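Presented below is the structure to which this report refers.
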Amino acid sequence: MTAAANGGSAYRPLDHDSLRQLLASLDEVRPLLGGRPPEWRVREVGDGNLNLVFFVTGPAGSVCVKQALPYVRVAGPSWPMSIDRAFYENAYYQAVAPHVGGLIPRIYHYQRELCCTVMERLSPHVILRLGLIGGRYFPTVGRDIGEYVARASFFTSDLALPFERKFDGLALFAGNKPLVRITVDLVFADPYRASDRNRHTTPRLDSQVAALRRDGPLKAAAARWGEKFLCEAQALVHGDLHSGSVMVSEAESRVIDPEFAFYGPIGFDLGAFFGNLLLSWYSQPGHATAEDDRTAYRRWILGQAGVFWSTFRERFLALWAANATGDAFPASLFAAGSDAAALASAREAYVNRLFSDMLGFAACKMIRRIVGFAHVADFETISDPDRRADCEAGALAMARELLVRPEQFRSMEEVLSALPQVGDASE
Ligand code: SR1
Ligand code: MG
């Protein structure tokens, strides 16, 4: 039994009627919907890999309900999956809520036996990934997510916490093993070996994928990042912070879906977001039309990637300067004015390591979305397979550079200037 074990017997997947009944029993939710339960319109809208997601609308408003299924939704019951992930998602939201303000949805109710969460229905927000495919502009997203990762990771790290509290968090989230297992297999192992779960755009990418699975230096680099993922319990991380886990409007952004949460490297969250921006950038030629070749849009994506990193860096350092309350780098060691330079340089070194970590994890995330089990709509919605393969091949080549020649990339400028110029044959 884990700390999260839900007892099991009361669990059942929700349907429209049982969901209405559940919501009708919740004093905090009924007024949000208004009217009477038979008037509430229920729609199942989940399009992710794992869960059921419902929108429920009444005369007064609507809510979103997410329920964990006892299997991987996209695979079906042949791939069982722990429903305790809803517990960890809720525990993560609780842990970061005091620090991230309005950057997560409001949680109205968590129902432990049913493994479901009733939360704010975000509107007019859309999933960032879909917005990027549509070529839409979200002016605050890079800044918002940079701020989010800085706050959520700093305040759960040893830089801010006494180790006893950090150890409590470690012990709690250590139970989220089945979700960490997914990442260990699907991100750091399967893409580099034969697995029935893998697929790629065939036959166009056959030779590139075969080469990748014979590429010793690439596999060793990916394995080193896999080891870091398991070994470096730096902070409580979201664990799956791709562009499908961010909802955006033109005015703001919210982070959703933290069911993969665990204590891991901060760079894993940074890399998930950054890597998915790069995937979007590589996919853009596949979404070009006669009216919009997406050149300007690609520039905007890279601009957001830059803002994301610079906001994270600046905010993380500022939080550290103002809240050095943890057992790592204790403030009492650096109390004298003469210690300031050494401390500043240690802090710079810390964030520089996070930059390298972001790039390594981003590369692993890019590769798994092209040759592994779970692909991304950025590429999957490009219907011409030749066009799709061209976009994917470019992303794979860049990911390989990031993994095998990391010394080339000490700054965001160096990363962005390594991207093929628009119009390049190598693009
Ligand atoms: C079996 S779940 C596949 C993927 O979906 C989630 O979004 C995670 O990224 C996971 O690896
Ligand atoms: Mg998810």
Run a plain Debye calculation on the chain (Cα atoms as equal point scatterers, no solvent) and give log10 I(q)/I(0) at q = 0.08, 0.13 Å⁻¹, rounded to two decimals, same order as the q list. -0.45, -1.20
Give me the accessible area of Glu227, 1.4 Å probe, in Å² rounded to the nearest 10. 110
Quick query: amide H of Phe262 versus all other amide H atoms, modeled in the peptide plane; which residues come in under 5 Å with a sequence gap of 5 or more or a different chain? Val237
GNM on the chain, Cα springs under 10 Å; top mean-square fluctuation among Phe155, Phe316, Phe329 goes to Phe329
Shape descriptor, segment 16-120: equivalent ellipsoid semi-axes (Cα gyration tensor, sqrt 5λ, whole Å, largest first) stand at 23, 19, 11
Considering only the other residues whose Cβ falls under 10 Å of the Cβ of Arg165, what net charge follows from Lys and Arg at +1 and Asp and Glu at -1? -3
Please state the charge dipole magnitude for segment 126-418, taken about the Cα centre, from unit charges on C-beta atoms (+1 on K and R, -1 on D and E), reported in debye and rounded to the nearest 20. 480
Out of Tyr108, Ala152, Leu270 - ranked by how far each Cα lies towards the positive end of the dipole of the chain, with unit charges on the beta-carbon of charged residues - the top one is Tyr108
How much net charge surrounds Met358 when only the other residues with a Cβ under 14 Å from the Cβ of Met358 are counted, with Lys and Arg +1 and Asp and Glu -1? +1
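Note down the magnitude of the dipole of segment 40-124 about its Cα centre, charges +1 on Lys and Arg C-beta and -1 on Asp and Glu C-beta and zero elsewhere, to the nearest 20 debye.
Numbers: 8 positive and 6 negative charges, 32 e Å.
Approximately 160 debye in magnitude.
Leu230 to Asp292: FRET efficiency via 1/(1 + (r/R0)^6), r the Cβ-Cβ distance, R0 35 Å, to the nearest 0.05?
So the FRET efficiency works out to roughly 0.25.
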Given Phe308, Leu128, Ala220, which one lies farthest toward the positive end of the charge dipole of the chain, if we put +1 on the Cβ of every Lys and Arg and -1 on the Cβ of every Asp and Glu? Ala220
Taking amide H atoms as placed 1.01 Å from N in the peptide plane, list the residues 5 or more away in sequence, or in a different chain, whose amide H sits under 5 Å from that of Ala160. Gly326
Let's test the formula: R0 of 51 Å, r as the Cβ-Cβ distance of Glu164 and Asp206. What FRET efficiency results, to the nearest 0.05? 0.45
For Met358 the rounded accessible area (nearest 10 Å², probe 1.4 Å, non-protein molecules ignored) is 0
What's the whole-number percent of alpha carbon pairs in segment 150-306 lying beyond 21 angstrom? 58
Test of understanding: in a Gaussian network model of the chain with alpha carbons linked when under 10 Å, which of Val141, Val351, Val65 would top the mean-square fluctuation ranking? Val351
Which of Pro59, Leu22, Ala91 sits closest to the plus end of the dipole of segment 16-120, meaning its Cα is farthest towards the positive end, when Lys and Arg get +1 and Asp and Glu get -1 on the C-beta? Pro59
For the chain, list the DSSP H helices whose alpha carbon atoms reach 20 Å or more along the long axis and whose average Kyte-Doolittle value is 0.5 or above? 266-283, 340-371
Within a Cβ distance under 12 Å of Gly146, other residues only, what is the Lys/Arg minus Asp/Glu net charge? 0
Of Ser411, Ser332, Ser245, which has the most accessible area with a 1.4 Å probe, and how do the rest follow in descending order? Ser332, Ser411, Ser245
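The values are calculated or read from the model by the stated rules, or taken from the named source; none is laboratory data. Bear in mind the structure is a predicted one, so any value in this text is a computation, not a measurement. We place every Cβ from the backbone using ideal geometry, glycine too, and count neighbours over all the protein chains shown. Surface areas here come from the heavy atoms of the whole protein model, side chains and all, with no ligands, DNA or RNA. Shrake-Rupley method; radii C 1.70, N 1.55, O 1.52, S 1.80 Å.
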